[in-house]
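The values are calculated or read from the model by the stated rules, or taken from the named source; none is laboratory data. Model, not experiment: these values are computed from the prediction. Neighbour counts are summed over all protein chains in view; Cβ atoms, including those assigned to glycine, are modelled from backbone coordinates with ideal geometry.
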């Protein structure tokens, strides 16, 4: 079972769909590092994939993991745009150069479409998870106020607030 990192822009778009959830195939699991409604900062994604925190990101613990035959949110993975998403692209390229198996998409793709191609592996969702096509930006907040060991805002030392 290989570790495959699903990288790009992500969201959980449920309006107008009849498949908000999907069942994972045999021998397949997926880890999520932020709750639904939260954004994933590229620095935190890189630190989480590589363990390297020298760039200022935090290694995020697994928020939750879904195992084979269990229901999972049918998330949407969106492509990164050259010229616009240069920071994201650089982060994922650096991780790939370190031997991480990075999977990016070149069109908007639902998790249901990716699972048959990537079944039998442990997947890592390295993308945001806002709801409703990015319209829920205030639902979960941003990762600059989210450090798992401290929670949101409360207890974060001032020197860590503006990372």
Do we have residue 37 as touching a strand residue (DSSP E or B) at 6+ places or on another chain (Cβ under 8 Å) and either part of a strand (DSSP E or B) or touching a residue at least 60 places away in the same chain (Cβ under 8 Å) (or both) here? yes
When every residue in segment 98-120 that is within 16 Å of the chain's Cα centre (by Cα) and assigned to a loop (DSSP other than H, G, I, E, B) is compared, the one surrounded by the most Cβ atoms within 10 Å (Cβ to Cβ) is 104
Do you know which of the residues in segment 40-53 that are without any contact (Cβ under 8 Å) to a residue 40 or more places away in the chain and within 17 Å of residue 93 (Cβ to Cβ) is surrounded by the most Cβ atoms within 10 Å (Cβ to Cβ)? 47
Select from segment 51-69 the residues that are touching a strand residue (DSSP E or B) at 6+ places or on another chain (Cβ under 7 Å) and closer than 20 Å to residue 12 by Cβ and list them in ascending order. 62, 63, 64, 65, 66, 67
Would you check if residue 123 is surrounded by fewer than 13 Cβ atoms within 10 Å (Cβ to Cβ) and touching a strand residue (DSSP E or B) at 6+ places or on another chain (Cβ under 9 Å)? no
Can you find a residue that is farther than 17 Å from residue 96 by Cα, part of a strand (DSSP E or B), at pLDDT below 95 and within 11 Å of the chain's Cα centre (by Cα) anywhere in segment 57-76? yes
Is it the case that residue 48 is out of contact with any strand residue (DSSP E or B) (no Cβ under 9 Å at 6 or more places or on another chain) and over 26 Å from residue 19 (Cβ atoms)? no
